Amino acid sequence: MTTLSRLLALVEAPRSRVALAVALGAGTVICGVGLMGTAGYLISRAAEQPAVLSLTVAIVGVRFFGLTRPLLRYFERLSAHDLALRTLGRARRRVYERIEPLAPAQLGDWRDGDLLARLVADVDALQNLYLRGIGPPLIALTAGVVSVSVAAAILPAAAIVLAVGLLTGGIAVPAAAVAMGRRTGRLEAAARGELTAELVETMRGAPELAVYGRADDRIERLREADRALVRAARRASFTDGTGDGARLLVTGATVAGVLAVAVSAHASGSLDRVLMATLALLALASFEAVQPLAQAARELTETLAAGRRLLELTDRAPAISDPADPAALPDEPFGLALEGVRARYRDSEQPVLDGLDLRLDPGRRVALVGPSGAGKTTVANLLVRFLDPEGGRVTLGGRDLRDYRQEDVRGAIAVAGQDSHFFSTSIRENVRLGRPAATDEELEDALREAQILDWVLALPEGWDTLVGEEGRELSGGQRQRLVLARALLSDARVLVLDEPTAHLDSATAKALMDSILGATRDRTTLLITHRTEGLDRMDEVHTLAYGRTTVECRG
Amino acid sequence: MRALDPRLARRAEPVRVLLGVDVALGVTTALVVLLQATLLARIVARAFDGAPLGAVTTDLALLGLAFAARGAIAWAFEAAGGRAAATVLSEFRLELAERRLKAQPAALDGVEAGEIAAAAVQGVDGLRAYFGRYLPQVVLACVVPLAVLGWVAAIDLTSALVMLVTLPLVPVFMWLIGRYTEARTRERWIALRHLSTHFLDVVRGLPTLRLLNRSGAEREDIESVSEQHRRATMETLRVGFLSGTVLELAATLGVALVAVTVGVRLVGGGLGLQAALTVLVLAPELYLPLRQLGAHFHASADGLAVAERILDLLEAPAEITASGTLPPLSPANEIVRFEHVSFAYPAREGLVLDAFDLELRPGETLALVGETGAGKSTVASLLLGLAEPTAGRVTVDGIDLARFDLDAWRRELAWVPQRPTIFRGTGSDNIRLARAEARDEEIRTAARLAGADGFVRALPDGYDTVVGEAGRPLSAGERRRIALARALLRPAGLVVLDEPTADLDRESALLVAEAVEQLRGRTVLLLAHTPALAARADRVVVLDGGRAELVHERTAA
């Protein structure tokens, strides 16, 4: 199946709505053709100076087409946009369903803002599938067939010329324009990528370049990369207008051809002279159907590229699945352990963890420290089954984690830390995510334990304060406390805190650690960090290096 | 939207050239349009009166050529526009880079600067649409209707009057409807933005949702939010599309009206067939440029927005206005003083530094401590010549810093920023940034002292490994140590270290602190955020409320 058909299947474009939009669009063009054709007839007939009454039909026809066309156009635009929006909604839902079991471990670096922005942009691009993709060709086809049929009813030879013209202008010209554009487009894209990288780096690193006196070399380097891009861009601009230009050429040839055929038919007596103008104007007006096709072809290639990127993601099979006969979680307090675990992410050559042993006994507070990038977050991923180990096993209450349902495991282990996301809604809603059924008192308790209740109550809108995109309105310390509150609210029996004090200054980090230590006094807790604050009060401290741990036991 | 930002025309010569070309092409189009219509009418009229094919062949050929000419002009508009877009952005980009490097190095946050840079390259598509399609349409919308009206008036005054009546109604009605709907639609668009960013929010938070076992419930949410979005958008569009419909209505009714009027007059014998047909064929051409203007508006609006953003940046006041000419004194030998220095950022209110006094004695390590945002980095910027004081002055042995040659002064300095930039290139290249003529052994020595030699040698190609985004990414600690190696490579008398151990794990922090020890003997300004780091200094000064307060001085043992 081609990309296009797979994408259309993905978004389930409703046939009836597509048909409606196509009909309205084709109707618009046909009215335009009708208007000019009938006007041509009207004027030619009028030149024979008949009784005015015999022109009535033509006059009514002209007025009818004149009025109907804008109406049809209005409804067509509405219907096409409605279709696009429905497609968008469906595309979002379907893509979400497919990537849901893959996130985050199977999709690349989830922290990469660009990856996500591109994913969303690509999904958004799918709404153009109809509007700027298959819609215009379908409309062109329908309107073209009608025009050619009408021409055939008047003069078959003219219909043939028109058909050839429309096919050339509608298929050959856009295809050639796209092919030409693709080559120059590729060169330009490469030069663009190169220059963007150089320029962005220059702008970001400008202070250092200035202080180290390297401004002038930089400017020289940029000039060179820039020259390459300008050359490529100029070459590309030559191919930009060829689609429109060629179309006008084909239009002219067709109209001239139709006229030639009409004139000779009239001269040989097989065509009434009042119909010559009709044919010519009909031919001219029918090219309106073909006009958007070059642009549509260009946009379709971009939409397909976006679609291909998406399909690459959604085609990935989920690696984690529930067992056929899941075990129930133990009722009594349980511990977690990693036994000789080797783990890697799909694309990397080296395993992140190799032969890791770690025990988290019930009621103990254990710290896992190590430099950034050593694999600490991978441990968290393994514990909640975002990732399965390649070798060794992860156990819960002594049994392999794979024996349990993922949902149960994640209900029993709460993860909180710097990667915890804040949604663009109120504080109350964000914290309540920890346990939707929680009462307001329970919410208050959680905030109190995280030592942020007073601050929330002091806000002008209190609980209902909006936190902005990704919690932008909050400071780092506040955000981490709310994340902690969310984790405490859930009645998870094990807490995993993943880098809760990252990016905080010393004083704030120390204060947060004090709160954490207070709040986790009787909970099984795994603290993952690279900072030193609060480590002296943990029960055990393990260091992670080279994929394995070493232990320093305390109390 | 204005047709043309006058700054564009003023600043960029390619734009002025393009405008000239567009006007010439526009006038030619108008003439070709008239020719096309006249030829078509003539062929039909002559055949109507009985002329055989042979008699109209020349006219047919000319008609074909007229269309071909129109096609060539359409191509030329886009080619010229595309060329101009490429050239204008190129000029802007280079000016932007030069300005940023020489006059505004600290003006923008690095990420924002990067975004503008990316826009200056990627924005060429929008600008191409603007120069290649929108601007020509504006020219055509001015020239063609006038030409058509003029020609039609010459053929048949009545028809011209009919056209004249319908034509101005169009912009008037569009403007009226636009005014009425604009206020209403603007509120809706704002509300819609929230709906449309919902998906990104959910996608970003997907891991969190899975952890909370809420990802399944979210599926329904996505569908319902999309449905709300659709409904709200459609409500807005229903009103928004009206102005376009008015234009279409005027155009088609205009043509219909002209056809009927002309037809009736033909019957009465008041007009010839050729004249009538010419008028009929010209009627749609009267409205065509205006109709196409709307179509090209949106794509080009983005392009213009990018250009305007770059222009704003280029016209912002320079941060560094002048460099002096005196050869600088070395901070290794002379005291560097901040004398009642005040500083405020142009975009923000309030003074960051307020009559700030500080003395940096040669050979000492001074720690400047303060909360994030207190102004420590500003102090560094002023020393490094990346900003100028709003009041007061920075002096070296009593001579104002502004009187020194800036490049020469900077050669006396080395700087380790909080977020060092790793440039595309090898490990050696990056360290060599500090001194281009450095030999390989000098680079390795500096790296060793900075604690960077270990991890660099462990890379696949050692010092020749390409690092950074394009190559092997480095961790925060590794980047910091490369930056330290840069500072050590430079025989600078004054080294500025901006929170060198921030965000580092224990091991890396220790390595960095040791490397800082290697700098003893030089004058070091250490911007510290932890007491442990500040403890290594000879003197500790607190920066609070824009002023300095001496806190601790190590007495000579």
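Structure values in brief
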quantity: Candidate set from segment B:105-158 (those that are without any contact (Cβ under 8 Å) to a residue 60 or more places away in the chain, surrounded by fewer than 21 Cβ atoms within 10 Å (Cβ to Cβ) and more than 30 Å from B:GLU388 (Cβ to Cβ)); member that is farthest from the other protein chains (Cβ to nearest Cβ); calculated: B:GLY150
quantity: Residue count, segment B:424-472 (criterion: part of a strand (DSSP E or B) and over 24 Å from A:ALA225 (Cβ atoms)); calculated: 0
quantity: Any chance B:LEU253 is at the interface with another protein chain (Cβ under 8 Å from one of its Cβ atoms), touching a Pro at 6+ places or on another chain (Cβ under 9 Å) and touching a residue at least 60 places away in the same chain (Cβ under 8 Å); calculated: yes
quantity: Matching entry among B:GLY244, B:GLY216, B:GLY178 (being of a type outside the set (Phe, Trp, Tyr), crowded, with 17+ Cβ neighbours inside 10 Å, more than 7 Å from chain A (Cβ to nearest Cβ) and assigned to a helix (DSSP H, G or I)); calculated: B:GLY244
quantity: Entirely in segment A:189-285, the helices (runs of 4 or more DSSP H) that have 3 or more residues that are touching a residue at least 60 places away in the same chain (Cβ under 8 Å) and of a type in the set (Gly, Ala, Ser); calculated: A:242-267
quantity: Those residues of segment B:380-391 which are within 14 Å of chain A (Cβ to nearest Cβ) and among the aliphatic types (A, V, I, L, M), in sequence order; calculated: B:ALA380, B:LEU382, B:LEU383, B:LEU384, B:LEU386, B:ALA387
quantity: Top-ranked residue of segment B:406-423 - restricted to ones that are under 32 Å from the mean Cα position of the chain (by Cα) and in a loop (DSSP other than H, G, I, E, B), ranked as farthest from the other protein chains (Cβ to nearest Cβ); calculated: B:GLN418
quantity: Residue list for segment B:480-528, filter: in a loop (DSSP other than H, G, I, E, B), free of Cβ contacts under 8 Å to residues at least 60 places away in the same chain and in contact with a helix residue (DSSP H, G or I) (Cβ under 7 Å, 6 or more places away or on another chain); calculated: B:THR501, B:ASP503, B:LEU504, B:ASP505
quantity: Index of the failed condition, A:ALA246 passing every other in (1) buried (at least 24 other Cβ atoms within 10 Å of the Cβ); (2) small (Gly, Ala, Ser); (3) under 23 Å from B:GLY132 (Cα atoms); (4) facing chain B (nearest Cβ under 7 Å); calculated: (1)
quantity: Residues (of a type in the set (A, V, I, L, M), more than 8 Å from every other protein chain (Cβ to nearest Cβ) and free of Cβ contacts under 8 Å to residues at least 12 places away in the same chain) located in segment B:34-64; calculated: B:ALA55
quantity: One residue from A:ARG92, A:ARG45, A:ARG86, A:ARG98 being touching a residue at least 40 places away in the same chain (Cβ under 8 Å) and under 14 Å from the mean Cα position of the chain (by Cα); calculated: A:ARG98
quantity: Every residue from segment A:28-63 that is surrounded by fewer than 17 Cβ atoms within 10 Å (Cβ to Cβ), at the interface with chain B (Cβ under 9 Å from one of its Cβ atoms) and assigned to a helix (DSSP H, G or I); calculated: A:VAL52
quantity: The lone exception for A:PHE386 - which of (1) touching a residue at least 12 places away in the same chain (Cβ under 8 Å); (2) of a type outside the set (Val, Ile, Thr); (3) farther than 26 Å from B:ASP505 by Cα it fails; calculated: (3)
quantity: From A:ALA125, A:ALA91, residue being at the interface with chain B (Cβ under 10 Å from one of its Cβ atoms), crowded, with 19+ Cβ neighbours inside 10 Å and either out of contact with any helix residue (DSSP H, G or I) (no Cβ under 6 Å at 6 or more places or on another chain) or farther than 30 Å from B:ALA256 by Cβ (or both); calculated: A:ALA91
quantity: The listed residue being under 30 Å from A:PRO333 (Cα atoms) and assigned to a helix (DSSP H, G or I), out of A:ALA485, A:ALA492; calculated: A:ALA485
quantity: Wholly enclosed helices (runs of 4 or more DSSP H) of segment B:55-162 bearing at least 1 residues among the aromatic types (Phe, Trp, Tyr), within 29 Å of A:THR184 (Cα to Cα) and modelled with pLDDT under 90; calculated: none
quantity: Filter result for B:GLU223 (within 27 Å of the chain's Cα centre (by Cα) and not β-branched (Val, Ile, Thr)); calculated: no
quantity: Single condition A:ALA367 does not satisfy, out of (1) assigned to a helix (DSSP H, G or I); (2) in contact with a helix residue (DSSP H, G or I) (Cβ under 8 Å, 6 or more places away or on another chain); (3) among the hydrophobic types (A, V, I, L, M, F, W, C); calculated: (1)
quantity: Criterion violated by A:SER147 - all others in (1) touching a Ser or Thr at 6+ places or on another chain (Cβ under 8 Å); (2) more than 26 Å from B:ALA68 (Cα to Cα); (3) of a type in the set (S, T, N, Q) satisfied; calculated: (2)
quantity: Failed item in (1) modelled with pLDDT under 85; (2) of a type in the set (A, V, I, L, M, F, W, C); (3) buried (at least 17 other Cβ atoms within 10 Å of the Cβ); (4) more than 32 Å from the chain's Cα centre (by Cα), with A:VAL467 passing the rest; calculated: (4)
quantity: Selection count where residues are in contact (Cβ under 8 Å) with a residue 12 or more places away in the chain and within 14 Å of chain B (Cβ to nearest Cβ), scope segment A:450-474; calculated: 6
quantity: Residues satisfying the stated conditions in segment B:223-241, i.e. facing chain A (nearest Cβ under 8 Å) and surrounded by fewer than 21 Cβ atoms within 10 Å (Cβ to Cβ); calculated: B:GLU223, B:GLU227, B:ARG230, B:MET234, B:LEU237, B:ARG238, B:PHE241
quantity: Condition check for B:ARG188: in a helix (DSSP H, G or I), of a type in the set (Lys, Arg) and either at the interface with another protein chain (Cβ under 8 Å from one of its Cβ atoms) or within 30 Å of A:ILE413 (Cβ to Cβ) (or both); calculated: no
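Every residue, every condition in (1) within 14 Å of another protein chain (Cβ to nearest Cβ); (2) more than 21 Å from A:HIS530 (Cα to Cα); (3) under 25 Å from the mean Cα position of the chain (by Cα), yes or no:
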| residue | (1), (2), (3) |
| --- | --- |
| A:PRO292 | yes, yes, no |
| A:ALA297 | no, yes, yes |
| A:LEU304 | no, yes, yes |
| A:ALA317 | no, yes, yes |
| A:PRO326 | no, yes, no |
| A:VAL366 | no, no, no |
| A:ALA380 | yes, no, no |
| A:PHE386 | yes, yes, yes |
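The values are calculated or read from the model by the stated rules, or taken from the named source; none is laboratory data. Owing to the predicted nature of the structure, the values given are computational and were not obtained by experimental measurement. Backbone-built Cβ (ideal geometry, glycine too); neighbour counts: all protein chains shown.
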